[in-house]
1. Sort through A:THR149, A:THR119, A:THR132 and tell me the only one that's modelled with pLDDT of 95 or more, over 29 Å from the mean Cα position of the chain (by Cα) and either away from the ligand (no atom under 16 Å from the Cβ) or surrounded by fewer than 18 Cβ atoms within 10 Å (Cβ to Cβ) (or both).
2. Would it be correct to say that B:GLU94 is out of contact with any Leu (no Cβ under 9 Å at 6 or more places or on another chain), closer than 23 Å to A:GLY218 by Cα and more than 8 Å from chain A (Cβ to nearest Cβ)?
3. Report, by residue number, each residue of region A:50-77 that is away from every other protein chain (no Cβ under 14 Å) and surrounded by fewer than 18 Cβ atoms within 10 Å (Cβ to Cβ).
4. Looking at region A:179-208, which of the residues that are within 11 Å of chain B (Cβ to nearest Cβ) and touching a strand residue (DSSP E or B) at 6+ places or on another chain (Cβ under 9 Å) is nearest to B:SER38 (Cα to Cα)?
5. Just checking: which of the strands (runs of 3 or more DSSP E) contained wholly in region A:2-67 hold 2 or more residues that are modelled with pLDDT under 95 and within 23 Å of A:ILE167 (Cα to Cα)?
6. So, in region A:209-245, how many residues would count as being within 16 Å of the ligand (Cβ to nearest atom), surrounded by fewer than 17 Cβ atoms within 10 Å (Cβ to Cβ) and not in a strand (DSSP E or B)?
7. B:ALA221 versus (1) part of a helix (DSSP H, G or I); (2) touching a His at 6+ places or on another chain (Cβ under 8 Å); (3) among the hydrophobic types (A, V, I, L, M, F, W, C): which is the lone unmet condition?
8. Residues being away from the ligand (no atom under 16 Å from the Cβ) and surrounded by 19 or more Cβ atoms within 10 Å (Cβ to Cβ): count how many of those fall in region A:191-208.
Amino acid sequence: MSEVLTAPLVVEFPFTRSLGPVQSAFLTGLRERCVLGVRATDGRVVVPPVEYDPVTADEIRDLVEVGTGGTVTTWAWNPSPRRGQPLAAPFAWVLVRLDGADTALLHALDAPGPEAVRTGMRVRIRWAAERTGAITDIACFEPAEGDRTVHQPQAHSGEFDDPLTGITTPARLDYTYSPGRAQSRYLQALADHRTIGERCPSCRKVYVPPRGACPTCGVATTTQVEVGPRGTVTTYCIVNIKARNLDIEVPYVYAHIALDGADLALHARIGGIPYDQVRMGLRVEPVWTDGSRYPDHYRPTGEPDADYDSYKELI
Amino acid sequence: MPEPARAAAREPVRGAARDVAVVAFAQSGHVRDSAATSEVEMLLPVLHDVLAQTGLRARDIDFTCSGSSDYLAGRAFSFTMALDGVGAWPPISESHVEMDGAWALYEAWVKILTGEADTALVYAYGKSSSGDVREVLTRQLDPYYVAPLWPDSVALAALQARALIDAGLTDERRPAGTAARRRGGPVRPPGEYVVAPLRTGDCPPVVDGAAAVVLAAGDTARRLTDRPAWIRGLDHRIEAHSLGVRDLTDSPSTRLAAERAGAFERPVDTAELHAPFASQEVVLRRALKLDGPRGAHVRINPSGGALAANPVMAAGLIRIGEAAARIRRGESDRALAHATSGPCLQQNLVAVLEGDPRPGTGGQPEEGQ
Ligand SMILES: [Zn+2]
């Protein structure tokens, strides 16, 4: 039994999102150190503001400015901050009802320890030094016990110079990818310049690359079968546009190849022959480059072309 | 629409109501790290088990619906890989929800109610060990105001736990202890704080796993099993997505779903609650009126619940499966199953399941053994 492969997999993407009028006003406001809420149908002031009423789902636009001080409604002590969180040292997660608001906003509270935090404590916003129009323009909250300011919500037009219309929020998640038993066996054999498929015990078809199950019968495939190395081009296309980070000259041919003994076609690049001479039925074999774990491309074997009937099921 | 000949062979749909039952349930072992197997390799034994219980082959199933998440897998359209396990070629009637499998079961139930299917296979799986599930789950939060702060799933549950403590509904040391005692096991050690007030004993272990259920209508269900677990009601509801708008000590969506599912019409004898965090069980017991005299005869989470094993995306379906299995074994006559999804019990589904009346029991709920 071969060892199961694993590899690090990083999924990283700068999500670009457009903002509606309410979110635009709120995030632009943060850039200007001004916190806006929206008045809901029942008169409550919702902060952070939403575009649709949380109860009735009506569209709401009635913006109001609320205070930058507030009261902790619940909290949790985070002893080991994680990547991306607002503070690097231990901190409290808090829901804060800002003065003049009726709902609470989630953020971090910079406090020396859990004994310094309680529900009902007074806090105020600590603004980030550089603000771009994001929730992180609030660096965190800080204790403000003496503060007893009474803030009445003020009507606000929501208009600012140079309003934001969109935000970019980068996200990264780290995984350990594991292809499982069947694909590990396939990849390990490939590193030895062998191609293995797996036979379905029910319909007897040989799948390559194998995924551990027959997609027709829904049963596990467990018998390994060596296929190829030679095969037949069943269909192909001519690629005329150069892909980024790929140093293959265009035009080139990408083809479906039915390896001898396999019941499913693989796809691979065809080389060693002018692109306009590739044809259905062409017999090909893999070409390995030094140290590679998979064939670089397939080239003609020089054999006569295969009969159409011998591969027509695999197109 | 099915062709007329096939439609004619089906049972007539009686108004909106058609009897639908859970006739089989299977689940995998729950392991910390399933790196040795791909999703479909983990799923196959479970699918074979659940089909074997009914004598059906994958080919005989009218409708297939699955629940899983691309974010757990780190790959787009990850559910298509698992489709190999149900023999998806030639094409089958199939659907997928990017949610816990309990919601896939809801879709399958509706499909059977419409008369378009007599049998359905529902499965769900999650391999959260391949990523960091606390970080992965931040990606389901509001992307404008919340997700950029990366508050992890334990942090949000801890805010809810603190709100419960402040309201006097629990205390800091109680959740893990009560959860363990109810299961008749040793009191689970509270452990270290993960995000206070939650300790390791209050948080679900990160496990990988899969589950599957077969649903069938009316006489088909009676043919496939001796004691079908009839779905008497099924409903799901959602709270406002902003945590600061909600009362975290209550779950009105659970209560409403239970009401619509008929849970309060007669007492239940079993409740399988999907509470990934110990403190959430406090919220659910209150919302479902399982505390006090009304709940005295209810066995809560005889399976051990999500604190024993919480395979993300399958744990809710497992609650329905466990409740149904208890009915099918004759250990319950009327059971409630609950599933949740999202932070702090954001979305909640309630199913009410019943076995046919049995001679000698008078339909009364029995005491837990
Ligand atoms: Zn097969």
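1. When all the criteria are applied, what remains is A:THR119.
2. On the way: out of contact with any Leu (no Cβ under 9 Å at 6 or more places or on another chain): no; closer than 23 Å to A:GLY218 by Cα: yes; more than 8 Å from chain A (Cβ to nearest Cβ): yes.
No.
3. Filtering region A:50-77 down to residues away from every other protein chain (no Cβ under 14 Å) leaves A:59, A:61-65, A:67-69.
Answer for region A:50-77, where residues must be away from every other protein chain (no Cβ under 14 Å) and surrounded by fewer than 18 Cβ atoms within 10 Å (Cβ to Cβ): A:GLU59, A:ARG61, A:ASP62.
4. Checked region A:179-208; the qualifying residue nearest to B:SER38 (Cα to Cα) is A:PRO179.
5. Qualifying strands (runs of 3 or more DSSP E): A:7-18.
6. 1
7. (2)
8. Step one: filter region A:191-208 for residues away from the ligand (no atom under 16 Å from the Cβ), giving A:191-196.
Still in the list and also surrounded by 19 or more Cβ atoms within 10 Å (Cβ to Cβ): A:195-196.
Total meeting the criteria: 2.
The values are calculated or read from the model by the stated rules, or taken from the named source; none is laboratory data. These figures come from a predicted structure and were not determined experimentally. As a convention, Cβ positions derive from the backbone with ideal geometry for all residues, glycine included, and neighbour counts pool all protein chains shown.
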